[in-house]
1. Quickly run through the range 59-78 and pick out the residues that are surrounded by fewer than 24 Cβ atoms within 10 Å (Cβ to Cβ), of a type in the set (Ser, Thr, Tyr) and in contact (Cβ under 8 Å) with a residue 40 or more places away in the chain.
2. Among the residues of the range 85-105 satisfying the criterion of being β-branched (Val, Ile, Thr) and either loosely packed, with under 13 Cβ neighbours inside 10 Å or part of a strand (DSSP E or B) (or both), which is modelled with the highest pLDDT?
3. Which of the residues spanning the range 37-58 are in contact with a helix residue (DSSP H, G or I) (Cβ under 8 Å, 6 or more places away or on another chain) and in a helix (DSSP H, G or I)?
4. Which one of Leu138, Leu118 is in contact with a strand residue (DSSP E or B) (Cβ under 6 Å, 6 or more places away or on another chain) and either in contact (Cβ under 8 Å) with a residue 40 or more places away in the chain or buried (at least 18 other Cβ atoms within 10 Å of the Cβ) (or both)?
5. Kindly indicate whether Glu165 is touching a residue at least 24 places away in the same chain (Cβ under 8 Å) and either within 20 Å of Asp226 (Cα to Cα) or surrounded by fewer than 18 Cβ atoms within 10 Å (Cβ to Cβ) (or both).
6. Under 6 Å by Cβ, and 6 or more places apart or on different chains, what pairs join a residue from the range 174-189 that is closer than 21 Å to Leu118 by Cα with one that is modelled with pLDDT under 85?
7. Scan the range 21-33 and tell me whether some residue there is surrounded by 13 or more Cβ atoms within 10 Å (Cβ to Cβ) and either among the aromatic types (Phe, Trp, Tyr) or more than 24 Å from Trp244 (Cβ to Cβ) (or both).
Amino acid sequence: MEREYWNGLADTYEDEVFSVLENDKQNLICGLIEKYGSSEKTVNDFGCGIGHFLGILSDSFGLVNAIDISYRFIQRAKEKYSRLNNINYFTTDVANNGLKIEKADFALCVNMLIMPSLKCRLKILDVIINSILKDGHLLLVTPAIESVMLTNYRLTEMNLRDGLEPAAAIRANFTDPKTYSKNLRRGIIPIDGVPTKHYLKEELYSMLESRNMNIIDICKIEYSWDTEFSSPPKWMKAPYPWDWLVLAQKK
């Protein structure tokens with residue numbers, strides 16, 4: 001991702017960037033952080049943004065390394081958590097820079113591996129995994145491609161209930177079906193116009209197990225339908241949209 005793109009979002013971060021922490025109603029991520037945290041352990045927060053998770057990471061681990069490509073995100077995080085003395089801050093492009101990341105017992109990566117470039121994603125993933133100590137853990141959150149398909153189905157269902165014929169109900173889903181189809185096979189689907197990588201569950205298994213990571217669990221972080229639609233109808237209930245949450249251990 002371009003550094004200046006992210007720097008440009010610093011002032012409006014809360015409005016522009018989806019907060020997994022605020023929408024994780026079951027507190028799955030925080031629960032795992034608390035479970036695997038220790039005052040004797042170090043955690044690397046990759047793509048920390050303005051620091052949504054730094055408070056709980058600071059409470060749960062002895063040392064926190066907050067890492068992000070945007071110096072403006074890091075600046076905001078420093079200001080917010082200036083009272084905490086166990087957080088180190090690093091501004092770096094993990095995919096391109098030669099910064100040596102400190103080895104850690106735990107790595108957190110929440111919706112960071114979302115850029116459309118496969119080369120870039122794999123570089124970042126290798127850096128993250130190489131930074132994890134033997135028997136250490138990775139907590140990874142990624143957008144789910146299956147969730148996008150569910151959301152599209154729900155939109156079609158709404159269109160049908162509004163009286164559209166099936167063909168029209170499907171066409172109403174996408175403004176540019178050809179572009180959508182071209183990128184879908186790579187899992188690249190726009191979010192607010194920004195090409196964003198989405199993952200299959202099986203893809204995550206293969207990607208991590210081939211990199212010496214043992215999958216402990218893959219589950220859903222479910223969100224309410226108002227994260228996808230401005231005014232979802234009352235009949236729209238479970239199943240809900242979700243991100244994938246992966247917990248893996250370094251072999």
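The values are calculated or read from the model by the stated rules, or taken from the named source; none is laboratory data. These numbers come from a predicted model, not from an experiment. All Cβ positions, even for glycine, are placed from backbone atoms using ideal geometry, and neighbour counts span all protein chains on display.
1. Answer for the range 59-78, where residues must be surrounded by fewer than 24 Cβ atoms within 10 Å (Cβ to Cβ), of a type in the set (Ser, Thr, Tyr) and in contact (Cβ under 8 Å) with a residue 40 or more places away in the chain: just Tyr71.
2. Selected residue: Ile87.
3. Of everything in the range 37-58, those that are in contact with a helix residue (DSSP H, G or I) (Cβ under 8 Å, 6 or more places away or on another chain) and in a helix (DSSP H, G or I) turn out to be Leu54, Ile56, Leu57.
4. Residue meeting the stated conditions: Leu138.
5. no
6. Tyr180/Phe174
7. No, the range 21-33 contains no residue that is surrounded by 13 or more Cβ atoms within 10 Å (Cβ to Cβ) and either among the aromatic types (Phe, Trp, Tyr) or more than 24 Å from Trp244 (Cβ to Cβ) (or both).
The rows are residues; the columns are (1) without any contact (Cβ under 8 Å) to a residue 12 or more places away in the chain; (2) among the acidic types (Asp, Glu).
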{"position": "Ser210", "(1), (2)": "yes, no"}
{"position": "Ile216", "(1), (2)": "no, no"}
{"position": "Glu222", "(1), (2)": "no, yes"}
{"position": "Thr227", "(1), (2)": "no, no"}
{"position": "Pro233", "(1), (2)": "no, no"}
